[in-house]
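Okay, structure first, notes after.
Where a number appears in this text, it was derived from the coordinates with a stated rule and is not lab data. Since we're looking at a predicted model, the values are computed, not measured. A quick note on method: Cβ atoms are made from the backbone with ideal geometry, for glycine too, and the neighbour counts reach across all protein chains shown.
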Amino acid sequence: MRRRSPGRAAALWTIALAAAAVMVFPFYWMLNTSLKPASEIFASPPTFVSAQWSLDAYRTIFESRAIGRYFVNSLIVAIGSTALSVVLASLAAYGLTRFFPRGATPFVMFLLFTKMLPETLLIIPYFRLMSDVGLLNTHLALILAYSSFALPFSVWMLIGFFRSIPRDIDEAAMIDGASYLQAFWRVVLPLARPGLVAVALFTFLIAWNSYVWALVLTTDSSMYVLSVGIANMVGEYRVQWNELMAAAVIAAVPVMVLYSLLERHLVNAITAGAVKG
Amino acid sequence: MNARLRRKAGLAFVAPTALFLAAVIVFPLAHAFYTSLHRVRGLNATFIGFGNYARLADDATFWHSLGVSFAFTASAVALHLGIGLALALVVNELRAARTALRIVFLTPWMVAPAVGATIWLWLLEPQFGVVNYLLRAAGAIAAPVAWLGEPGTALASVVAVDVWRGVPFVMLLMLAGLQTIPIEQYEAASIDGAGAWTRFRFVTWPNLRYLVVVATTLDVINTIRHYDIIGVMTGGGPAGATEVLPVLIYNTAFRGNRLGEAAAIGVALLGIVLVLAVVYVRTARLDDGTRR
Amino acid sequence: MNRSIGSLIAVAVAALAWSVGAAAQQPIVVQWQTANLTESQYEPVWKQTIAEFEAANPGIKVEPVLVARKDHWTKFVAASQARKAPCIVSVDVTTAAYNGYLMPLDKYWNAEPAAFRSAWSDAMLSSAKWKGQLYGLPIWGGTYAEIYNRDLVVKAGLDPNKPPQTFDEYVAWGKKLTGNDRWATAVLGGKTDTTTRVLLMWIWANGGEAFNADMTEATFAKNPRSLEAIKFYLGLADKSAIAAPAPTTTNYLEQTNLYAQGKIATMRNAYWAIAKVVGDNPAMAGKSFVAPPPANVPNAPTLSTVTASSISASCQHPDAAWKFIKFDADRKWSIARAKVANWMPLRNDLADDPEIKADPLLGQFVRIGRNARSYPLPHPAWAEIAANDIVDAVQKALLAPDKTDEIFRDLDARLTKKLRDI
């Protein structure tokens, strides 16, 4: 393997660190602000480190706002969406690659097409739909919405994955007496685990960060999710920036933890899905 | 007999998803199209056929917004790709820190775009924002710059924030692609005496080309319909300089209360993106001869 | 046989009675949505309002719907379109009534005793009427005035007891208050309707009009006094150079930030801004004084926003909703709102209330508000005109001041078209 010159290494590291600084700075500022007392937030010049850092803002939002409750709702909705998405996407992707191999691409294209309409126009019909079936103020309405957003990309990713698993494996299982579903469930699916993890992460992210849908579909504040709770902290007449940032930090943590633990699988799945098409 | 059974089994696998999406996506889509054929004033809707579309064709605001959308999307996507690819190359080489860097570079993707935009709004604030403070401290600017206050810098600023938001995804895609390039190809090139740029042109790029097409098209689809960053940071201002189509749609629907017109703009946007999607399909077929 | 039928009937009747009884005991739930429920300083008051109302009306439960200010209207429209809007709402009355989202309140209003109705003047009520019908009960408002930072004024060698009366005096003051990385004031050009509110005030203060009497024509450029006022006000940012830079991104939050941090010495704002300023920077407590906006004509009106409580068209329990609206409009809550959130009571029977009198700033605002025009202006397209079209024109004029005439002539044409398109 060719050796890297120290000059080249230095150049690479400079670029990497500079980019990392820009990427991460907003988080650092979020954290910094969440720890500052309210009076220091608009200090000029701005303070990067403060002797008065404290967890007061965090304490306040848990005590006086239902951040804990919102967090739990977000978790329920995100996990529900993830589960539904994984199930539906894997079933569909398997069915397409095994039974309708030529129909797979047009189907995925259609799915991607459906994703293109801006959210604004979907709000009103979606509200009406959920209202008519009596699903307003339920976790289920949000789970259905978020799964539907995640499905196109998830199916596409998994199609690539399933395509790379040779059919002989299914056939071997079925020769041993397994049904289609059993072959899928017991033999093929475990091999596609990285893809499933990727779908799960991707869906979780969509469900966790989404705002507009929860805004419109829930009116009972005990059903609010974190993104709504955060948005509601921006008052017209007063904004408690440190509390707002504290809530945003709390909202970012689970996603970061999840991604740190599982991002390997994400890279694998995208490779399989994209490169092999 | 076996073929029919197979078909039934196949449908059983695909049907749940297809039906689910039919209910949850196709209905709102059809509703949007239906609404676009009406003049809607609150709960009163009058059928006017393609009247809204005819009006749009004459509306300077719509065409201006379309132009801004293209400018925003083109520059954002180009930067996503350029910077994403560059960072992927860097991370790929820095093997030791690869995982740590990958996680760090993914961080913008983990924050809801609206929250990220709020933070950037703050960082770019002329009097109290950190960006101006740092630039002045470094001597790069003399007086605070109103990043979002002037049309030119406003568009550049929202593009920059969108780059911050969008690079992680592209970088990840590129990195994944880079890691599937067989080492032997690089070694063969080195043995032939190829320099870094030649290696990139003849080994890296051909292997990545398909992925780049995929990334570009997905990115374009996502960026052209993106609302949050511009909605939060400028609302389309100043003087419409950053009013991309999703912002125009939102303003028309919920400020102007002209739901029919807003739906028409959305359907028009859909048509444009559909054309791009068709391009993707064509290019995808052309590029990858090894489809199974 | 007879006995079994008889016992069957008895069971059926008992079951029916029980279910009717149970239904009668089910509380009626009315939802209440206004953008202000998420204001932290208002929270204790509205919680108490609901608690006391429910205690006094055991069959009714009020469910607050919390929503961020910027998304309040979106949420209301989405729900109204599906005919599932919250019963009690505070929205732009004209726009909502025109779109069929609200229920007329005349039958409830007329059934109230004269003693109750006399607390609202005709002028106040007309701000909540559309096509002759009442669609809202004005609950609170905000009068705009010029708020000054006493310390900065004194430091500049000016007399706080003699605030500027005319435009020219204002500029003279402004020049003394600008300098040292600090400005006299801020021109509002951000993309919210506060920009329009302030612009209208300057136009009126010069004796101009932005629209004709029945809101079918825009006269920003057509009326020479309007255009003159516009040029003067926008010129504060460029010609007179007494306003903070970046006006096109300065909205209400920015402006109050600048004032709270001492970057500007004066702001055109409502009473609630003072509470926000003190919240942001406790050192500013007691440092502000208030004066009527400078004007070039005598008796120039200032601007008062009016927030009214309405009943949505899809409300299933309008009687219960009206009960709550009445309850909330009571003197007690009007005073409470004034004290915690600095929202002006709109009842005309509170001026002599000791609690109101105890706050001298509030008293001044009340006095200044006696000569005020209500806002929003009564036109269904107002929300868009105020937040989009007029703001765009202001932003364009701030970026290209020599084109101001042309820009506002275009605005007149565009607005006149919109005003007539209903």
> Which of the listed residues, B:Trp164, C:Pro164, C:Leu236, is farthest toward the dipole's positive end in the protein assembly as shown, when Lys, Arg count +1 and Asp, Glu count -1 at the beta-carbon?
Replying inline: B:Trp164
> Under a 5 Å amide H to amide H cut-off, with H placed in plane at 1.01 Å, what residues pair with C:Val65 once short-range neighbours are removed?
Replying inline: C:Trp32, C:Gln33, C:Thr34
> Which whole-angstrom value gives the distance between the alpha carbon centres of the range A:61-127 and the range C:26-81?
Replying inline: 31
>> Could you derive backbone 3J(HN,Hα) for the range C:37-47 from the dihedral phi with the Karplus parameters 6.51, -1.76 and 1.60 (θ = phi - 60°), listing whole Hz in sequence and x where the residue is Gly or Pro?
In response: 5, 8, 7, 4, 6, 8, 3, x, 5, 6, 5
>> So if each residue of separation counts as 0.36 nm, and I subtract the Cα-Cα distance between A:Ser5 and A:Arg59, what length gain in nm does that give?
In response: 14.4 nm
>> I'd like the orientation of helix C:390-399 relative to chain C: the angle between its Cα long axis and the longest Cα principal axis, in ° from 0 to 90, rounded to 10.
In response: 30
>> What are the ³J(HN,Hα) couplings of the range B:243-254, residue after residue, when phi is run through the Karplus curve with 6.51, -1.76, 1.60 and θ = phi - 60°? Round to Hz, x for glycine and proline.
In response: 7, 7, 4, x, 5, 4, 4, 4, 4, 5, 6, 10
> What's the center-to-center distance, using Cα atoms, between the range B:129-143 and the range A:185-217 in Å?
Replying inline: 42
>> Distance between the C-alpha centers of the range A:158-172 and the range B:1-24? Whole Å please.
In response: 18
>> Can you compute the modelled spin-label distance between C:Asp238 and C:Arg373, with each label point 7 Å from Cα toward Cβ, in nm?
In response: 2.5
> Mind checking the mean number of beta-carbon atoms from other chains within 10 Å of the Cβ atoms in A:28-35?
Replying inline: 2
>> Taking the alpha-carbon distance from C:Lys61 and a cut-off under 17 Å, which aspartates and glutamates remain once sequence neighbours fewer than 8 residues away in the same chain are dropped?
In response: A:Asp220, C:Glu52, C:Asp319, C:Asp328
>> Given axes a ≥ b ≥ c from the Cα gyration tensor, I'd like to know whether chain B is rounded (a/c under 1.5), prolate (a/b larger than b/c) or oblate.
In response: oblate
> For peptide B:116-128, how many partner chain Cβ atoms fall within 10 Å of a residue's Cβ, on average?
Replying inline: 6
>> Placing +1 on the Cβ of each Lys and Arg and -1 on the Cβ of each Asp and Glu in the range C:247-346, which of C:Leu303, C:Asn251, C:Ile274 has its Cα farthest towards the positive end of the resulting dipole?
In response: C:Ile274
>> Counting only other chains, and only Cβ atoms inside 10 Å, what mean value do you get across the residues of B:208-218?
In response: 2
>> For a quick check: with amide H placed at 1.01 Å from N, whose amide H comes under 5 Å from C:Ala221's, ignoring anything fewer than 5 positions away on the same chain?
In response: C:Asp412
>> Give me the percent relative contact order of the range A:61-275, please, defined on Cα pairs under 8 angstrom at least 6 residues apart.
In response: 35
>> If you restrict to DSSP beta bridges whose two residues both lie in the protein assembly as shown, what percentage is antiparallel, to the nearest 5?
In response: 65
> In terms of the Cα gyration tensor, with a ≥ b ≥ c the square roots of its eigenvalues, is the protein assembly as shown rounded because a/c is under 1.5, prolate because a/b exceeds b/c, or oblate?
Replying inline: oblate
> Using a simple charge model, +1 on the beta-carbon of Lys and Arg, -1 on the beta-carbon of Asp and Glu, nothing else, what dipole does the protein assembly as shown show about its Cα centre, in debye to the nearest 20?
Replying inline: 2000
>> Check which residues have an amide H placed less than 5 Å from C:Ile60's amide H, if you skip close sequence neighbours.
In response: C:Ile28
> With labels modelled as points extended 7 Å from the Cα through the Cβ direction, what inter-label distance (nm, one decimal) is found for C:Asp168 paired with B:Trp205?
Replying inline: 7.0
> What is the dipole size for the range B:26-287, taken about its Cα centre, with +1 at each Lys and Arg Cβ and -1 at each Asp and Glu Cβ, in debye to the nearest 20?
Replying inline: 320
> Using a basic spin-label model with each label point 7 Å from the Cα along Cα→Cβ, how many nm lie between B:Ala137 and A:Leu191?
Replying inline: 5.6
